[in-house]
Amino acid sequence: MGSIKAIPLGLRIIGFFKLITATLLTCISFGAFRLMGENAGETLEHFILQLHLDPERHWINLALTSIAGVDPARLKVISAATLCYATLYIIEGIGLLRGKHWAEYMVVIITGSLLPFEMYEVAMKASTPRIAIMLVNITMLIYLIRQLRRDRRHHLESSVSD
């Protein structure tokens, strides 16, 4: 496909969303790598204080508590897995922004295959962020499946008329 304007708005939004998510995941991955060999809880608490956030707030305290108990080996696995997801999101995002059909299929397959796990997580421990992420992924899937069907129908109609 030619210019980015020729790419449907929905695909551009999903593509940019994927790239923003990839950027955040990359930051998380490098942050986790940086915490290896240090006391992760103390380092994170120092960072929170530098940002002038209250470490006694519920979500911040919860993050500090959960990170304080993570050993370096597990931190390494988390960091590597997060970097792998970021790489996938970069590939998906760039493919979508370039109007590549393989990227649409890739997002449908990967997001669709992870959806049962998201549903399980929501069923086991529902939270607003988990529900929101699941709904965003379902919306993306529905849109992309419709887009792929529309493109296929258009392709079939144009090949019949030729």
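The values are calculated or read from the model by the stated rules, or taken from the named source; none is laboratory data. Everything quoted here is computed from the prediction, not taken from an experiment. Reconstructed Cβ throughout: ideal geometry from the backbone, glycine too, with neighbour counts over all protein chains shown.
Tabulated results
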item	result
Every pair of residues 6+ apart whose Cβ atoms lie under 6 Å, when the first sits in segment 14-26 and is more than 21 Å from LYS76 (Cβ to Cβ) and in contact (Cβ under 8 Å) with a residue 24 or more places away in the chain while the second is crowded, with 17+ Cβ neighbours inside 10 Å and of a type in the set (D, E, K, R)	LYS18/GLU92
Subset of segment 22-37 that is crowded, with 17+ Cβ neighbours inside 10 Å and polar (S, T, N, Q) - its residue that is nearest to TYR89 (Cα to Cα)	THR26
Only one of SER113, SER79 that is modelled with pLDDT of 85 or more, of a type outside the set (D, E, K, R) and either surrounded by 13 or more Cβ atoms within 10 Å (Cβ to Cβ) or not assigned by TED's automatic domain parsing to the domain that holds THR139 (or both)	SER79
Residue in segment 116-162 that is farthest from GLY15 (Cα to Cα), counting only those that are surrounded by 10 or more Cβ atoms within 10 Å (Cβ to Cβ) and of a type in the set (S, T, N, Q)	SER127
Elements of type helices (runs of 4 or more DSSP H) contained in segment 47-162, each with 3 or more residues being free of Cβ contacts under 8 Å to residues at least 24 places away in the same chain, under 21 Å from SER29 (Cα atoms) and not basic (Lys, Arg)	58-68, 72-97, 101-124
